[in-house]
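Step one of this worksheet: look at the structure below.
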Amino acid sequence: MVATLVRSIFEQPDAEATWAQLETVIDKLNSTGFADASAFVLDAAEDILAFSAFPVEHWPKIRSNNPQERLNKEIRRRTDVVGIFPNRAAVVRLVGAILAEQNDEWAITKRYMRPESLKTVNTTALAAGPPDADQLPAA
């Protein structure tokens, strides 16, 4: 039940609805006896909803860590082939080459986020940040 409530925060259509759903979830958690979970979600609110300051079209991409996980998996796959490295410099060279290759691939072919849409980021929303703590319900 708690996981379903928390997931509902991320399914909102805009930033205001996302923060409003956070308040609703906190209230429901408090009223159903999950005060510890409510406090945890409230403490992490600014971090877990940081994506809401960006354009809505980017939300599915920036609210998860899937790209990071894929990159880590690729590094593990390539380093497992080598097994034991002779020294630290060898590890740095291999991982550096993998990172450079991935950077080139993302910059040229994959275009995870279009630069034009990134220009539309509302800088005032970024500067303003999340709602004040006194506007959120107490845990």
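Observations
- Residue match in the range 109-120 (condition: basic (Lys, Arg), exposed (fewer than 13 other Cβ atoms within 10 Å of the Cβ) and at pLDDT 90 or above): no
- Answer residue from the range 25-49, given it is free of Cβ contacts under 8 Å to residues at least 12 places away in the same chain and outside any loop (DSSP other than H, G, I, E, B) and is farthest from Leu5 (Cα to Cα) among those: Asp47
- Of the set (1) at pLDDT 90 or above; (2) out of contact with any Pro (no Cβ under 9 Å at 6 or more places or on another chain), all apply to Ser38 but (2).
- Residues (in a helix (DSSP H, G or I), surrounded by 18 or more Cβ atoms within 10 Å (Cβ to Cβ) and within 17 Å of the chain's Cα centre (by Cα)) located in the range 9-24: Ile9, Ala15, Thr18, Trp19, Leu22
- With respect to the conditions (1) farther than 29 Å from Ala107 by Cα; (2) in a helix (DSSP H, G or I); (3) without any contact (Cβ under 8 Å) to a residue 24 or more places away in the chain, Gln68 falls short on a single one, namely (1).
- Within the range 50-100, the set of residues being basic (Lys, Arg) and over 30 Å from Asp14 (Cα atoms) comprises Lys73, Arg76, Arg77, Arg78, Arg88, Arg93.
- The single condition among (1) more than 23 Å from Glu105 (Cβ to Cβ); (2) of a type outside the set (D, E, K, R); (3) assigned by TED's automatic domain parsing to the domain that holds Asn103 that Val82 does not satisfy is (1).
- For first residues located in the range 72-88 and closer than 21 Å to Asn103 by Cα and among the acidic types (Asp, Glu), partners that are assigned to a helix (DSSP H, G or I) and at pLDDT 95 or above and lie 6+ apart or on another chain with Cβ distances below 6 Å do not occur.
The values are calculated or read from the model by the stated rules, or taken from the named source; none is laboratory data. Predicted model only: the values in this text are computed from it and were never measured. Don't worry about glycine lacking a Cβ; one is built from the backbone with ideal geometry, like all the others, and counts go over all protein chains shown.
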